[in-house]
Amino acid sequence: MATPYDLISNVDCTPFNIGQEIKLYGFSQAEAKPLESGIGTVADRPDWVLKEILDWTGGQPFLTQKLCNLVSKKQHKIIAGQEKSAIDTLVRSEIIQNWSQKDQPAHFGVIRDRILKSRRSPSHLLNLYQQILEQGEIIENREDLEHLELKLSGLVIEREGALRVYNPIYQEIFNQQWIEQELAKLRPYSEAIKAWVKSGYTDESRLLYGQALQDALAWAESQRLSKAELSEEDQHFLEASRTLEQISEAKPEVIPILKAFLPKLNQITSQPSQLIRAIRTWVGSQPVLTELLCQDLLKAYQQQPIADADAAAVATLIQTEWLQKQTQPAVLDHLKQIQVALRAEDDKFVALLELYRRIGQGQVPPTEHPPGLNLLEDLGLVEKHQVANRLYAEVFSPEWVAQELEESSQRRTIAGRFREIEKLKTRDTCHIYRVADKHLKNKSCLLREYIPVSNDAETLEQARHEIDRIFRDLEKLKGHDQIPEVLAIEDDGKFYITQEFIEGDNLDQEIQPGQPWDEPKVVDLLIEVLSILEFVHLQKLAHLNLKPSNLRRRRQDGKLILIDFGAFQSINRLLQRLATHPKPELTESPQYAPPANIATRTAVNQDIYAVGMIGIQTITGIAPEDLSVDKVTGEVIWLYEIPPHHPKAQVSDELARILAKMVRHRPGNPTADQYTNVAEVLQQLRGLKESGRRVDPKRKYDWLTDKRILAWGGVGLAVAGIVAGILGMASVQRLRAAQRSVEQCNQPITVQPVTSATNASTSGNAAAGSLINRQVVIDANQVGQACQQVLAQQPGNPQALKNQGKAHLLLWKHADLLGNAAEAQTNLDTALNNFNQVIEANSNQPDPQALFYQGLALSAQGDEKSVAAAEQAYEQSIVQYTTAITVQPEDFPILAQLIAFLVEEKDGKIVSNQKYNQAQTLFNKADALMQHPDLENKIYTENLIYNRGSLYARTQTLQEALNLYGEVPMRSKQIEVLTLRSKGFVHLLQNDFDNAADAFQQALKVGADPLVSQYLNRANTCRSNPTNQAACSFSSAQFRPIFAQIFPIRRVYRCKDYPVLSVVDNLSQSVCQP
């Protein structure tokens, strides 16, 4: 038999595009009744025998007649009541057992050959048939040539829009064992892929490697050349094997990083092996760079996965983001360390660069081992006589080498000892350098060069005296592991002080605005800093310039190092005073120092105050300059909630007391309640740490009197007589307070535009982080507290429970982003409890909103059991919404998310009829809400229309998809390109190459799109040569892996209006931007 497609030589001139399909089905009982006459002599009830025959054959004409013929030849009569057992025995003995020897005239062999000798991929047909055998049926795609080929083989039949095995005889003969045997003959790796699939695609030991992989790839290429396409499962297996081989060939220290990122990298590319290869090419064996590149790739392609050119995507990201925009400080730091290490080599520097240049030009053969090669290899610049990776080749290029060689002649050797590496800072009286100390094996040091503005003897003597005094003081700190040692030198009328250069990052890079630290972390920080200060103060010295930028986290061991003592600034001030025209002195960091007019401002108090301010900054996430100041006391106000500036600090009473006392002062009052030494503070902090006490958000800070209230204390005495009158209004006030609580509880939580006041987090968190800014957290806290007050008066109020639950979901995300696991879990448990209460209150007809948010909260748990429970909650919510008589505007975004849940394919399965119908119902309900005034400027109606088109496209209702895509309002270039692109792919599925090419061309006129460019070329090829089966065979199964790109489900609401829906990205789209 031939398909119509086999007989078409010219698509523009063929009768097959105007014909009409005639469906043929097997015999019914009535149609087969004439056959009863032939079996009437051997059966008491021939009609019952015929029914049993038809049950086995499914009415297939040839088999029905063959089986009737076998019955008519029976020597023993089939008595009444034994029809089923008699026919079952006959079928198994005369037809099924050893069928190949009894297949005369040939019937089963024809079916077998039709599949195994198909011009299409036999493995595809076998896998498709296996799917039908396992599931019972699959939805028919009438435009899929493989579906048609399988039907023409006679093995399956279409019933009610689904493909099923034609009859039980075929099912017994062409069973699972037969499929596996034939697949084994087709594939050289059948056992391996079978075991891999059985493991849930997780058993890496079953993947191919080395020669086995090369043999499999050669076989796959032979299949391609014979125009037999591999199944999706084969392609997945071979790609996973290539990927594992790429990872296994990496350096041991890089392999675990690549494996950890692989599941997420698989989500942004269909060819992970090529992506891994590109990553290795660019960053080689560098673990830090590998991890950073994987993170940045996931961030860059989270919304729009990589189309085809994985290597180009990696190259674009590195060249644009890392090298041009320099958005990754850690990469710059890594490259800087290599440059500094080279420069520190002093006399070897030029020779090393020359050697590196020769290696880059391929002039050093593997057999040669010149001096300096080991050093270049130790630095990671060179591996196996080649530049280690492409990033290094781009950065440390021949041009860079030439520039370094030129500049090396200009770099100074200071005081005959210190080789200049780079100049860090320049002032009128002080230059700061990073240098290599030749006397200490080129140890990296920080050198301050003090330049007196006058060379007269008196000035030099005063400077010498002051520097000598400071040096003697700082020498007292020698020996402490967390204070760099100093060395003072005078040479040619200039004064130098050097310290060891500490590799690491300053604390100000760890403290991010809007991101409070967990209390135990703050306590540990305070104890560590104060412990160093205790040693300093015991030497009768002080730091006097404490701030986060002067606390450096040593990369080697993570310890904090005190740098840039105030004594260094005092030398600058001295030299300024000695200048002929001195400039005004500037206070370095006034926000970390108490007011200058405070009588109790001793050096010790100043250090304690600075550490206290650092503690307040870390526990609140607010910089000192952004805190309000009490006009009466002059002290900072940090503990209270002062919307919209900041929420109440989440801090225990004990730590709040300690921090308040560290920064306490009174103008002109030397007896203020302050700490007199660091030991007192350390004793209380260590006691707090040992007790393990933590903040309870419900507790009030009763111990700390609000100074703003104290200011009115005198007035309070004067109005005491009014209190009785006020008490008479108590009931009215309670009523108004209850009303305010209800209003606040029902207040929507939205994302406001980011300003300096809201001080949103912008420290590189995931997209959800951009939605959970400080104002959202403030609003969520306020809503949660207000709902709690409502629930105290109205226990079980469903709206209050839901609103409070949503608020706690936002607070969960906030705590989760900050790494506060305990607080995050508490908020998540509270949210789940709220939604569960609403559901249990009406278990017969549960609230669909509560079910949806219950699913959202369960998804946030992240474990496999919770995720499965979340899907059940979504499914129950869908059932309730589909039967609901009415829906409200607040249901619209939920309907959109549930539609996405239904439409997105999971585990490669297509959308079932049930889910398709449910999605249609939800679409209808969402359509009815589109014009509601409460949703004005909050939704994207064009995306709702587009999404329905995508549902049709994914389920092969192609003409309806085109109709809807034609109705999409083109309100942006993005939606216009996307709609035209989707129309092009629908036309490809219809084999309408002209319209496909036209749609793709229109899309490219609106905006560039690599995927469209690729398929435009294929559409044009098929225009000119439509019989090219390899290039012009398009099917839903082929496109299914890229459905998310060609038929995506787009967001239909503004995230900033519904931030709670974006805390978990387990539905259709990743967490969206506000």
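The values are calculated or read from the model by the stated rules, or taken from the named source; none is laboratory data. Source: prediction; values computed, not measured. Positions of Cβ are backbone-derived with ideal geometry, glycine not excepted, and every protein chain shown enters the neighbour counts.
Tell me whether region 975-990 contains one or more residues that are more than 30 Å from GLU890 (Cα to Cα) and not in a helix (DSSP H, G or I). There is at least one residue in region 975-990 that is more than 30 Å from GLU890 (Cα to Cα) and not in a helix (DSSP H, G or I). Picking from residues in region 418-435 that are surrounded by fewer than 19 Cβ atoms within 10 Å (Cβ to Cβ) and assigned to a loop (DSSP other than H, G, I, E, B), the one that is modelled with the highest pLDDT is ARG427. Considering region 134-152, and only residues there that are surrounded by fewer than 21 Cβ atoms within 10 Å (Cβ to Cβ) and not charged (D, E, K, R), the residue that is modelled with the lowest pLDDT turns out to be LEU145.
Would you say GLN274 is part of a helix (DSSP H, G or I) and either at pLDDT below 90 or touching a strand residue (DSSP E or B) at 6+ places or on another chain (Cβ under 6 Å) (or both)?
no
Evaluated against (1) under 25 Å from LYS915 (Cβ atoms); (2) among the charged types (D, E, K, R); (3) in contact (Cβ under 8 Å) with a residue 12 or more places away in the chain, LYS865 falls short on exactly one condition, (3). If you check ASN374, ASN389 for being surrounded by 12 or more Cβ atoms within 10 Å (Cβ to Cβ) and at pLDDT 90 or above, only one passes: ASN389. Being surrounded by fewer than 20 Cβ atoms within 10 Å (Cβ to Cβ) and assigned to a loop (DSSP other than H, G, I, E, B) is the requirement here; does PRO252 meet it? For PRO252, the condition - surrounded by fewer than 20 Cβ atoms within 10 Å (Cβ to Cβ) and assigned to a loop (DSSP other than H, G, I, E, B) - is met.
I'm checking my understanding of the structure. Among residues of region 1060-1074 that are of a type in the set (Val, Ile, Thr) and part of a loop (DSSP other than H, G, I, E, B), which one is modelled with the lowest pLDDT?
So the first thing to find is which residues in region 1060-1074 are of a type in the set (Val, Ile, Thr), and the list is 1060, 1063-1064, 1071.
Going one step further and asking which of them are part of a loop (DSSP other than H, G, I, E, B), we end up with 1063-1064, 1071.
Values: VAL1063: 78, VAL1064: 71, VAL1071: 34.
My answer is VAL1071.
Within this structure, ILE53 fails the test of being farther than 16 Å from ILE157 by Cα and modelled with pLDDT under 90. Take GLU245 and tell me if it is of a type in the set (Asp, Glu), closer than 23 Å to THR202 by Cα and in contact with a Phe, Trp or Tyr (Cβ under 7 Å, 6 or more places away or on another chain). Yes; evaluated as a whole, the condition is true for this residue. As for region 196-203, it holds at least one residue that is at pLDDT 85 or above and buried (at least 18 other Cβ atoms within 10 Å of the Cβ). Do you know which residues across region 43-57 are part of a helix (DSSP H, G or I) and of a type outside the set (Val, Ile, Thr)? PRO46, ASP47, TRP48, LEU50, LYS51, GLU52, LEU54, ASP55, TRP56, listed by residue number. Only residues that are out of contact with any helix residue (DSSP H, G or I) (no Cβ under 7 Å at 6 or more places or on another chain), farther than 30 Å from ARG206 by Cβ and not in a loop (DSSP other than H, G, I, E, B) were counted in region 165-193, giving 1. Considered as a group, the residues in region 938-960 that are of a type in the set (D, E, K, R) and surrounded by 22 or more Cβ atoms within 10 Å (Cβ to Cβ) include one that is nearest to ALA996 (Cα to Cα), and that residue is ARG954.
GLN303 meets each of the listed conditions (1) within 23 Å of GLN235 (Cα to Cα); (2) in contact with a Ser or Thr (Cβ under 7 Å, 6 or more places away or on another chain); (3) not in a helix (DSSP H, G or I) apart from (1). Scan region 324-333 residue by residue and report those that are touching a Phe, Trp or Tyr at 6+ places or on another chain (Cβ under 9 Å) and not in a helix (DSSP H, G or I). Matches in region 324-333: GLN328 only.
The requirement of being touching a Ser or Thr at 6+ places or on another chain (Cβ under 9 Å), without any contact (Cβ under 8 Å) to a residue 40 or more places away in the chain, under 30 Å from LEU989 (Cα atoms) and assigned to a helix (DSSP H, G or I) is fulfilled nowhere in region 130-140; no residue meets it.
Counted as qualifying within region 1011-1059 are the helices (runs of 4 or more DSSP H) with 1 or more residues that are of a type in the set (Gly, Ala, Ser) and without any contact (Cβ under 8 Å) to a residue 60 or more places away in the chain, namely 1029-1032. For the condition crowded, with 20+ Cβ neighbours inside 10 Å, closer than 30 Å to GLY514 by Cβ, in contact with a Ser or Thr (Cβ under 7 Å, 6 or more places away or on another chain) and not hydroxyl-bearing (Ser, Thr, Tyr), what is the one hit in ALA857, ALA870? Among ALA857, ALA870, only ALA870 is crowded, with 20+ Cβ neighbours inside 10 Å, closer than 30 Å to GLY514 by Cβ, in contact with a Ser or Thr (Cβ under 7 Å, 6 or more places away or on another chain) and not hydroxyl-bearing (Ser, Thr, Tyr).
Among the residues of region 93-109, the ones that are surrounded by 11 or more Cβ atoms within 10 Å (Cβ to Cβ) and without any contact (Cβ under 8 Å) to a residue 24 or more places away in the chain come to 6 in all.
The sole residue among ALA309, ALA278, ALA330 that is among the small types (Gly, Ala, Ser) and buried (at least 18 other Cβ atoms within 10 Å of the Cβ) is ALA278.
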